[in-house]
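Structure, as structure tokens:
The values are calculated or read from the model by the stated rules, or taken from the named source; none is laboratory data. Worth saying up front: this structure is predicted, and the values here are computed from it rather than measured. Note: ideal-geometry Cβ built from the backbone for every residue, glycine included; neighbour counts use all protein chains shown.
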Amino acid sequence: MNLDRLVAVIASGMLLAGLYACGTRDAKSDADDGAAASKEAAPAEDVSADAPEPAAPADAGPKPVTVADIDRWDKGMAAELEAVHEAGAKLKQAKTAEDSSTAMTGVLDTETLGAGAQAAGVDRERYNLIRSTFSSAAGYLAPSVGGLDTTTLSPEQRDQMKRDNAAQLEQMKDVLPPDVVQALTPKAAQLRTRDLQLTMARLKTAGMGAP
């Protein structure tokens, strides 16, 4: 092969190699650009769709009474007693059977609940819990007030009563904590007396309108 022909062959080979290289780079670039575009266009997975919903909080029930609620009960009872007396005054002035019926309804604990709650500074539901809890607790702590004459019991019977009442208070610990029982104990007899006075006032006023 002469020199001129050899140069032409080498030049032709270099040209083909260059063209192949350019074509390969362009194809690879186009493929990379297409993959990137597809990745950007694809929507992100909605992981929230498969995520479990948060569990609803469990109902913890009513909040326990506090030491401050003892004074709220005392104020509430005073307001309820006043409401009963007002109902009694209306009953005395009643001129029709309907007036008497309305006045007698006013002595019910469900009707005086609002007055007690307002005086206690809490809502009706909370005051109702305070009232019922302390009324029961005071009865266990001061059973001799308006109840059984403990002086007629033997020492064994009195001890048994104390154990029974302590067991009842223990069952109430979820709503009546021990520190509240401790604070209520020295006031139990006095508050129990007022609670019974309120009950008697209801009965007396209702009896005024009885046929």
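If we scan region 155-165, do we find a residue that is among the hydrophobic types (A, V, I, L, M, F, W, C) and either within 24 Å of the chain's Cα centre (by Cα) or modelled with pLDDT under 95 (or both)? Walk me through how you get there before you give the answer.
We begin by selecting, within region 155-165, every residue among the hydrophobic types (A, V, I, L, M, F, W, C); these are 161.
If we keep only those that are either within 24 Å of the chain's Cα centre (by Cα) or modelled with pLDDT under 95 (or both) too, we end up with 161.
Yes - at least one qualifying residue is present in region 155-165.
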Of 97, 78, which residue is at pLDDT 95 or above and more than 15 Å from residue 207 (Cβ to Cβ)?
78
Quick check on region 170-191. Is at least one of its residues over 23 Å from residue 75 (Cβ atoms) and among the hydrophobic types (A, V, I, L, M, F, W, C)?
no
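So is residue 82 over 30 Å from the mean Cα position of the chain (by Cα), touching a residue at least 12 places away in the same chain (Cβ under 8 Å) and part of a helix (DSSP H, G or I) or not?
Here the answer is yes, as residue 82 does meet what is asked.
Every residue in region 73-112 that is among the hydroxyl-bearing types (Ser, Thr, Tyr) and within 20 Å of residue 135 (Cβ to Cβ), please.
Narrowing region 73-112 to residues among the hydroxyl-bearing types (Ser, Thr, Tyr): 96, 100-102, 105, 110, 112.
Of everything in region 73-112, those that are among the hydroxyl-bearing types (Ser, Thr, Tyr) and within 20 Å of residue 135 (Cβ to Cβ) turn out to be 110, 112.
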All-but-one check, residue 72 against (1) farther than 16 Å from residue 194 by Cα; (2) free of Cβ contacts under 8 Å to residues at least 60 places away in the same chain; (3) among the charged types (D, E, K, R), failing number (1)
Starting from region 156-179, keep only residues that are closer than 14 Å to residue 140 by Cβ and touching a residue at least 24 places away in the same chain (Cβ under 8 Å), then list their pairs with residues that are outside any helix (DSSP H, G or I) and of a type outside the set (Gly, Ala, Ser) whose Cβ atoms are within a distance under 8 Å, requiring at least 6 positions of separation or different chains.
165/143; 169/176; 175/62; 175/64; 175/65; 176/64; 176/65
Out of 152, 133, 102, 112, sole residue that is among the hydroxyl-bearing types (Ser, Thr, Tyr) and without any contact (Cβ under 8 Å) to a residue 12 or more places away in the chain:
152
Looking at residue 161 and the list (1) under 20 Å from residue 73 (Cα atoms); (2) surrounded by 15 or more Cβ atoms within 10 Å (Cβ to Cβ); (3) of a type outside the set (Ser, Thr, Tyr), which single condition is not satisfied?
(1)
Please go through region 85-99 and give me each residue that is touching a residue at least 40 places away in the same chain (Cβ under 8 Å) and surrounded by 15 or more Cβ atoms within 10 Å (Cβ to Cβ), ordered by number.
87, 88, 91, 94
